[in-house]
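Here is the structure we will look at, set down as structure tokens.
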Amino acid sequence: MIDNFNVESEMYKEVVNQFDEVAGIIDLDPNLRERLKYPQRALTVSFPFRRDEYEEVETVIGYRVQHVLSMGPTKGGIRYAENVNFGEVTALAMLMSWKCAIVGLPYGGAKGGVAIDPSPLSRAEKQRVTRRYTAEILPILGVDKDIPAPDMGTDEQVMAWIMDTYSHFMGSAQPAIVTGKPVSIGGSITRREATGRGAIAIANEACKKLGHSFSDSRVVVQGFGNVGRYAALDSYERGAKVTAVSDIGGGVMNDKGINIPELFKHMSKNDSVKGFSGAEEIDGSKILEIPCDILIPAAIGGVITSKNASNIDTKIVLEGANSPTTVNAHKMLEDSGIVVIPDVIANAGGVTASYFEWVQDTQNYLWKEHQIYERLVDVLTTSFDEVWKISINNNCDLRTAALMKGIKKVAAAKLTRGLFP
Ligand code: NAD
């Protein structure tokens with residue numbers, strides 16, 4: 001358990017390296033450069049947890065990290081995974097700050113995590129962990145303070161339990177305390193699909209700029225969770241061939257293109273894409289090396305490294321997951337002519353749809369599904385266009401361009417507000 005207190009996680013180092021590189025390019029104020037490497041507020045909690053068949057009470061560690069408090073409430077997902085640690089959650093909160101600034105949302109970045117493997121948990125166990133974790137981090141949550149959302153290992157149901165627990169403490173229903181919750185309690189119809197579909201809307205724009213046709217592309221997706229499955233579905237609906245997908249249980253491949261709606265049906269009865277009758281089984285660990293036009297890592301961080309980057313054979317890497325590519329691997333991909341669309345813009349559809357959900361909840365006003373989708377695509381493609389122009393004007397890759405935009409915006413807000421006291 002003590003291992004989870006490791007601030008110096010690989011992901012934290014990677015995200016700080018990225019930040020340092022860009023801070024140098026934009027000649028960031030030295031005080032801010034130091035300041036922005038650390039979260040403005042962070043809470044580590046430990047709490048007792050009883051499994052259904054228990055002999056002893058376990059101690060579980062959780063975190064909520066708020067990176068920048070200068071631009072409005074903080075916003076970011078909550079992740080349940082065994083190896084969640086303070087450094088990783090901090091890194092993800094930093095990425096959220098840049099991401100919100102890049103797409104122009106009035107938020108600072110936050111992230112939360114509970115160091116527990118959610119897969120063996122019963123519904124009752126997951127509910128107990130969620131409610132207790134919520135109660136522990138309650139002092140720093142708030143509709144206008146910090147608004148969680150789902151991330152790896154959490155879903156709409158977990159958001160509903162957080163909303164219910166928070167509402168009990170407040171004495172009235174507080175739908176705006178989380179986003180990505182079920183529609184029945186104020187969730188947005190498009191939030192579930194927004195990250196994956198938003199990523200494909202951006203890939204489509206990138207293809208236009210690069211002179212490729214998205215609908216003629218072969219797409220490979222690692223991860224068939226919230227992000228990966230809707231990225232695959234949207235690709236399929238646009239006529240592209242999704243030739244391989246994988247999840248933690250294994251992978252499947254079909255050169256003629258996988259029928260994604262059929263794979264959805266398979267997933268409604270099975271835990272993994274493995275065993276799907278419409279495709280051949282493959283070794284999931286090799287998915288990233290399958291030749292394609294658009295490769296979408298949409299599972300976990302740190303999967304494209306200097307060890308496998310030279311085996312990647314694609315035109316575009318679309319980062320659906322957070323921090324899937326290490327700094328060294330990113331350089332190797334760019335050197336071999338592969339365009340990397342970085343996480344901070346590629347998966348920003350999730351937080352953008354979350355923002356729409358939060359606005360609707362705070363104003364008790366509902367928009368129609370098509371209105372949300374149109375606004376989502378407009379925000380993402382406009383932001384991507386701006387990032388593209390920065391990259392052309394500065395002769396730099398898209399990650400550097402996106403971070404230049406995001407970091408400059410956060411820095412401007414901090415400098416304008418000044419120092420207290
Ligand atoms: P999820 O829990 O819904 O799905 C994760 C998927 O990855 C599952 O299919 C799982 O089996 C697979 N997976 C896990 N470990 C794997 C491994 N070692 N190899 C191959 N597959 C593996 O999670 P999600 O919400 O889809 O999030 C995926 C990534 O996208 C994360 O990095 C998350 O931070 C990022 N992200 C998510 C959202 C969102 O809206 N959910 C928004 C922005 C970014």
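Bear in mind these aren't lab numbers, they're just calculated from the coordinates by the rules spelled out. Computed from a predicted structure; not experimentally measured. Note: ideal-geometry Cβ built from the backbone for every residue, glycine included; neighbour counts use all protein chains shown.
For segment 278-421, what class follows from the C-alpha gyration tensor (a ≥ b ≥ c being the square roots of its eigenvalues): rounded when a/c is under 1.5, otherwise prolate if a/b is larger than b/c, else oblate?
Details: a/c = 2.16, a/b = 1.37, b/c = 1.58.
Since a/c reaches 1.5 but b/c is at least a/b, the shape of segment 278-421 is classed as oblate.
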Legend entry - Positive-end extreme of charge dipole, segment 12-102 - chosen from GLY77, VAL45, VAL60 (charges on Cβ): GLY77
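Counting other beta carbons within 10 Å of each residue's own, what order do GLU193, GLU136, GLU58, GLU319 fall into, fewest first?
GLU58, GLU136, GLU193, GLU319
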Inset, instruction - Choose one answer from ASN322, ASN83, ASN31: the residue with the largest mean-square fluctuation in a GNM of the chain with alpha-carbon springs under 10 Å. - result: ASN31
Legend entry - 5 angstrom amide H check on GLY109, placed H, neighbours 5+ away: HIS67, VAL68, LYS75, SER97
Inset, instruction - Can you spot the lysines whose alpha carbon is less than 23 Å from LYS286's alpha carbon? Ignore those fewer than 8 places along the same chain. - result: LYS241, LYS256, LYS274, LYS307, LYS315, LYS331
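Classify segment 234-329 as rounded, prolate or oblate from the Cα gyration tensor: take a ≥ b ≥ c as the square roots of its eigenvalues, call it rounded if a/c is under 1.5, otherwise prolate when a/b beats b/c and oblate if not. Write out the running numbers ahead of the final one.
Values: a/c = 1.88, a/b = 1.59, b/c = 1.18.
Here segment 234-329 falls in the prolate category.
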Inset, instruction - Evaluate the distance, in nm, between pseudo-label points positioned 7 Å from the Cα of ALA135 and of LEU366 along their respective Cα→Cβ axes. - result: 3.3 nm
Inset, instruction - Express the relative contact order of the chain as a whole percentage, based on alpha carbon pairs under 8 Å and six or more residues apart in sequence. - result: 15 percent
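Take the alpha-carbon positions of segment 73-154, form their convex hull, and give its projected area averaged over all directions (one quarter of the hull surface) in nm². Write out the running numbers ahead of the final one.
Working: hull surface 21.2 nm².
Spelled out: convex hull of the Cα atoms, projected over all directions, averaged, 5.3 nm².
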Inset, instruction - Please give the length that would be gained between SER119 and SER172 if that part of the chain were fully extended, namely 0.36 nm times their separation in residues minus their C-alpha to C-alpha distance (nm, one decimal). - result: 15.9 nm
Inset, instruction - State to the nearest 20 debye the size of the charge dipole of the chain about its Cα centre, where the only charges are +1 on K and R beta carbons and -1 on D and E beta carbons. - result: 1020 debye
Legend entry - Globularity ratio of the chain, using Cα Rg and 2.2 N^0.38 Å: 0.93
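What number, in percent, do you get for the relative contact order of segment 277-328 if the mean sequence gap of Cα pairs under 8 Å and at least 6 apart is divided by its residue count? Display every interim value, and only then the final one.
On the way: 70 pairs, mean separation 21.3, N = 52.
It comes to 41 percent, rounded to a whole number.
Report the convex hull volume per residue for segment 159-220, counting only C-alpha atoms, in Å³. Kindly include the intermediate steps, with their values, before the conclusion.
Working: hull volume 6.1 nm³, N = 62.
Convex hull volume per residue, Cα atoms: 99 Å³.
Quick one: dipole size for segment 100-209, taken about the Cα centre, charges +1 on Lys/Arg Cβ and -1 on Asp/Glu Cβ, in debye to the nearest 20. Please list the in-between numbers first.
On the way: 13 positive and 11 negative charges, 36 e Å.
Magnitude of the dipole: close to 180 debye.
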Legend entry - Gain in span if fully extended, GLU262 to ASN308, counting 0.36 nm per residue against the direct Cα distance: 13.5 nm
Legend entry - Partner lysines for LYS405 [C-alpha distance under 18 Å; skip if fewer than 8 residues away on the same chain]: LYS37, LYS99, LYS389, LYS414
Legend entry - Distance between modelled label sites at ASN394 and SER46, nm, 7 Å Cα→Cβ extension: 4.3 nm
Inset, instruction - Sort out for me the Cα centre separation of segment 334-381 from segment 84-153, rounded to whole Å. - result: 19 Å
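Counting each DSSP H run of 4 or more residues in the chain as -39500 (n - 2.57), what helix-only mean residue ellipticity at 222 nm follows after dividing by all residues, to the nearest 500 deg cm²/dmol?
Calculated mean residue ellipticity at 222 nm is -14000 deg cm²/dmol.
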Inset, instruction - Using Cα positions and a limit of under 18 Å, work out the aspartates and glutamates in reach of LYS13, with same-chain residues fewer than 8 apart set aside. - result: ASP3, GLU21, GLU34, GLU88, ASP343
